[in-house]
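These notes concern the structure reproduced below.
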Amino acid sequence: MNRTFSILGQQVVVETDQPEVGERLDDIAVRADDALSSDRTLALRVVQADGFLCILHEGRILAQETDLDAAIRMLHLLINQLVLEPQSEALKLHAAAGTWAGRFFMVTGDRGAGKTTLLLKLMLDGAEMHCDETVLLRDGLLQTFPRKFYIKTGTLACLPRVAAVCAAKHAYPGFYGKQLYFADPTDFGLPWRSRAGRPWAVFHLTPAFDQAPLIKPCAKVEMAKQLMMQTLQLTGDLGRHVAQVCRLVASCKCYSLRVGGLDATAALLKKTLA
């Protein structure tokens with residue numbers, strides 16, 4: 001059995017002869033519309049050997065796990081890693097992105113700031129959610145990376161509709177001690193697409209969940225500093241990367257957003273975008 005899907009124009013093919021693995025492949029398969037084209041195929045196999053579930057690529061074992069949940073999570077991570085390898089010239093930023101009222105926007109901030117939960121709330125209110133974790137920056141333009149969204153257990157109490165969807169899904173070990181669920185807009189009957197372009201605005205989030213939300217303009221130099229702190233796997237020409245970030249912030253509005261109550265913060269963000 002196998003699953004085939006596309007990410008950033010690359011065809012991903014996962015094959016396995018293990019029924020329990022095959023049943024879980026839909027948990028990590030990407031169903032985003034992808035306008036990019038490529039002749040590259042990424043092929044992986046999952047087999048059982050000596051009590052391990054082994055993940056192979058080009059005949060080489062990349063990882064082996066004894067636990068099914070751990071194996072599926074590792075397979076997901078390896079797919080993302082291998083898909084991103086050809087994108088070495090792009091700067092990878094820890095950020096989410098969406099579209100509201102026709103305006104493409106990016107949200108960044110430290111882990112735990114509430115990016116995924118906030119964008120899920122906007123999605124349920126009618127926004128288009130493109131990604132919740134990684135964007136690629138190239139020539140001043142963003143390319144969203146359509147990885148499955150990580151729904152953490154804390155989000156479920158805030159968004160009952162998300163909790164209802166996740167109730168029918170498998171829970172996987174989280175990266176910081178808590179469980180997570182893989183989901184995407186198609187689970188809610190909504191479109192999901194990867195998008196490229198120049199954002200109308202960039203928002204930097206800081207959590208203050210016991211306070212009222214607050215939004216204010218952010219100096220472009222300060223936003224550039226914040227974005228450089230959110231880079232992933234920073235390698236290569238640092239000066240070129242800084243120039244890319246400066247080019248991005250120079251062309252869009254920049255805001256600092258203090259995240260308070262979810263409903264109030266979402267309303268404030270929508271008002272600003274509208």
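The values are calculated or read from the model by the stated rules, or taken from the named source; none is laboratory data. Given the structure is predicted, the values throughout are model-derived calculations rather than measurements. Backbone-built Cβ (ideal geometry, glycine too); neighbour counts: all protein chains shown.
Data table
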read-out	value
Unmet requirement for Ala96, which otherwise passes all of (1) more than 21 Å from Thr186 (Cβ to Cβ); (2) buried (at least 19 other Cβ atoms within 10 Å of the Cβ)	(1)
Single condition Leu214 does not satisfy, out of (1) without any contact (Cβ under 8 Å) to a residue 40 or more places away in the chain; (2) in contact with a Lys or Arg (Cβ under 7 Å, 6 or more places away or on another chain); (3) hydrophobic (A, V, I, L, M, F, W, C)	(1)
Where a residue in segment 171-196 is in a loop (DSSP other than H, G, I, E, B) and its partner, wherever it lies, is aliphatic (A, V, I, L, M), with Cβ under 6 Å and at least six apart	Gly174/Leu180; Trp192/Ala32; Ser194/Ala32
Selection count, segment 113-141, where residues are closer than 24 Å to Val245 by Cβ and either hydrophobic (A, V, I, L, M, F, W, C) or in contact with a strand residue (DSSP E or B) (Cβ under 9 Å, 6 or more places away or on another chain) (or both)	17
Unmet requirement for Lys271, which otherwise passes all of (1) surrounded by 14 or more Cβ atoms within 10 Å (Cβ to Cβ); (2) without any contact (Cβ under 8 Å) to a residue 12 or more places away in the chain	(1)
Some residue of segment 16-39 being part of a strand (DSSP E or B), surrounded by fewer than 19 Cβ atoms within 10 Å (Cβ to Cβ) and at pLDDT below 95	yes
Failed criterion for Ser6 (all others in (1) over 25 Å from Ala196 (Cα atoms); (2) assigned to a strand (DSSP E or B) hold)	(1)
Residue count for segment 229-245, restricted to those that are buried (at least 17 other Cβ atoms within 10 Å of the Cβ) and either of a type in the set (Gly, Ala, Ser) or free of Cβ contacts under 8 Å to residues at least 40 places away in the same chain (or both)	0
Boolean, Leu141 is over 14 Å from the mean Cα position of the chain (by Cα), surrounded by fewer than 23 Cβ atoms within 10 Å (Cβ to Cβ) and closer than 25 Å to Leu156 by Cβ	no
Pick from segment 249-268, criterion touching a strand residue (DSSP E or B) at 6+ places or on another chain (Cβ under 6 Å) and part of a helix (DSSP H, G or I), ranking: surrounded by the most Cβ atoms within 10 Å (Cβ to Cβ)	Thr265
Residues located in segment 154-168, provided they are surrounded by 14 or more Cβ atoms within 10 Å (Cβ to Cβ) and either of a type in the set (D, E, K, R) or more than 26 Å from Leu68 (Cβ to Cβ) (or both)	Cys158, Leu159
